[in-house]
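**Student:** Let me give you the structure first, and then I'll get to my questions.
Derivation of every value follows stated rules applied to the coordinates shown; laboratory data play no part. The structure displayed is predicted, hence computed values, not measured ones. Virtual Cβ from ideal backbone geometry, glycine too; neighbours counted across all protein chains shown.
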Amino acid sequence: MDLIRRAARRSLLSLRSKPAPVPRAGRVLPQDERVDEEICPFYNFMDYYPAKPGEILADRYQLVVKIGWGTRSTVWLARDIRRYKWQVERFAALKINELNSEEAQYERDIEDHIAKKDPLHPGYPMIRTCIESFEITRPEGSHICLAYEPMREPFWLYQRHFRDDKLPFPVVKAYFLMLLAGLDYLHSECRVIHTDLRLENILVGFENQAVIEDFVKAQIDDPMEYKINASGQTVYRRHNYFGPLRKLENLPKIIDFGSSCRIDNPKSVGMLPIQPDHYRAPEVILGRGWTFSTDIWNLGVLMWDILENTQLFQQAHDTTGHYDAKAHLAEMIALLGPPPKTLLEKADAMLRVEWPDAIQGEGGKLCRNAQQLFGGPFFSGEGKFLYPDLIPARQLKDTLPSLEKKDREELLSFVKKMLTWLPEERKTARELMEDPFLTRSSKLEKAWDK
């Protein structure tokens, strides 16, 4: 009986897909040229796994090409060699995290929670979570590796396929509806706040399987450039251009939950500083406490990135590139009017609540609340802004030059339900999905056929 089992196992293994040939080496880069993750301020090559094309991980994934990198990881496109020869070729995007990363453990755990909560929810397909995880062990420790469905590209790169890097208005509305569905799933079902919504964290999928297969074949004639650093470790330059769009059928997905926050108690609020600078909500800057509505503000600001290929708040950074909270608030006042006094009173009251651990601010100063970190106070006791000379002569209606008057008015009416000073006045993701701005347009379906 054992002989029969072993023979059957050998027979099945012979039907497995075989590893593909490794592409020839690409052009060698100068040793002093910084490549991809090497530009990160605190880069240490010892923390990164020395992945290379052709390598097989977890007895399943053969690395093909590096397609991304970050401050704590690299991302590789991998071929699944566990499939049988008659099955369609499968690929995965492997996020190989830095050595002994607690952040990667957190990301794996919260994505597991998100993935299992309610797969039947309409917004579930708009969220990308890992499909498998494993660890790569080295003498120095281990690297958590997260396997994902491969995606075509981040939204900022996807925009470049369109004229002037701007998506057509009907397509923007369609994408916004899908992103709101994803947020509704996170907020209402998973009780998760993303906290880091930006174009880099919205990916679009492939039009069809042929796009990714052709990309993999192209690596044979156009392999990755690489360098060998002073310690003898190879650093590859990413390849992530999958060619021109073949059809407008690229669905978006929200990704990267390493900074997300789970709040199960409806009365709880977050206090620590969150969000990318340009998308930071007023309650975060003022230290008033934040919750799910902070994501709504964030997505509302992203409308300008998606539609106009520009940022709504253009003076969030000073001339040296540092975040300037008072200038950011001044621009909010110009576009939205002054904040309600109730918001300022609540923020002042919350100043008595110190963060459990101090956060290092400008010049190494240790900060215990938002006012210390962001350079407040910003308002007088009577609610007057202390830096009126910073308020620019801008109006919200002038920030959408690409739209016709009717479309601009409809969009502003919609987005003002997201960009409110008071968090409790913002509409929820589900309420926004039902807004006439998104539901009445017959162009939504037609946009995908153009």
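**Student:** Give me Leu299, Leu438 sorted ascending by neighbouring Cβ count inside 10 Å, so fewest comes first. Show your work: numbers first, answer last.
**Tutor:** On the way: Leu299 25, Leu438 16.
Ordered by Cβ neighbours within 10 Å, fewest first: Leu438, Leu299.
**Student:** Of the DSSP beta bridges with both residues in the chain, give the percent that are antiparallel, rounding to the nearest 5. The partial results should precede the final answer.
**Tutor:** Numbers: 44 of 46 bridges.
Within the chain, antiparallel bridges account for around 95 percent of the total.
**Student:** For labels at Arg237 and Leu396 in the simple 7 Å Cα→Cβ model, what's the distance in nm?
**Tutor:** My value for the distance between the label points is 4.4 nm.
**Student:** Order the peptides 94-104, 266-276 from the highest to the lowest mean number of other Cβ atoms within 10 Å of their residues.
**Tutor:** 94-104, 266-276
**Student:** Whole-Hz ³J(HN,Hα) for each residue in region 276-284, computed from phi via Karplus 6.51 cos²θ - 1.76 cosθ + 1.60 with θ = phi - 60°, x for glycine and proline: what do you get?
**Tutor:** Taking θ as phi minus 60°, the curve returns x, 3, 5, 9, 5, 6, x, 5, 6 Hz for region 276-284.
**Student:** Next question. Provide Tyr43, Tyr175, Tyr323 in ascending order of the number of other Cβ atoms located within 10 Å of each residue's Cβ, fewest first.
**Tutor:** Tyr43, Tyr323, Tyr175
**Student:** Enumerate the lysines that Lys341 could reach by cross-link, defined here as Cα to Cα under 21 Å, with residues fewer than 8 away along the same chain left out.
**Tutor:** Those lysines meeting the cut-off are Lys326, Lys384, Lys416, Lys417, Lys427.
**Student:** Still on this model: At 222 nm, what value in deg cm²/dmol follows for the chain if DSSP H runs of at least 4 each add -39500 (n - 2.57) and the sum is divided by all its residues, to the nearest 500? Walk me through the numbers on the way to the answer.
**Tutor:** Working: 14 runs with 132 residues, N = 450.
After summing the helix terms and dividing by the residues of the chain, the value is -8500 deg cm²/dmol.
**Student:** Let me ask something additional. Which whole-number percent gives the relative contact order of region 319-450, counting Cα pairs below 8 Å spaced six or more residues apart?
**Tutor:** The normalised contact order for region 319-450 reaches 25 percent.
**Student:** Further question on the same structure: Taking the simple approach of a point 7 Å from Cα along Cα-to-Cβ for both Ala358 and Glu409, what is their distance in nm?
**Tutor:** 5.5
**Student:** For Cα pairs less than 8 Å apart in space and 6+ apart in sequence, what is the mean separation divided by the residue count of the chain, i.e. the relative contact order in percent?
**Tutor:** Values: 716 pairs, mean separation 66.3, N = 450.
RCO, the chain: 15 percent.
**Student:** Work out the FRET efficiency for Glu434 and Lys341 from their Cβ-Cβ distance, taking R0 = 56 Å, and round it to the nearest 0.05. Don't skip to the end; give the middle numbers.
**Tutor:** Numbers: r = 31 Å, r/R0 = 0.56.
The calculated FRET efficiency here is 0.95.
**Student:** A further question follows. Give the long-range amide H neighbours of Thr74: residues separated by 5 or more places, or on another chain, with amide H under 5 Å away, using H modelled in the peptide plane at 1.01 Å from N.
**Tutor:** Under 5 Å from the amide H of Thr74: Ile96.
**Student:** How high is the relative contact order of region 15-155, in percent, with contacts defined as C-alpha pairs under 8 Å that are six or more residues apart? Please report the intermediate quantities before stating the final value.
**Tutor:** Details: 216 pairs, mean separation 28.8, N = 141.
Relative contact order comes out at 20 percent.
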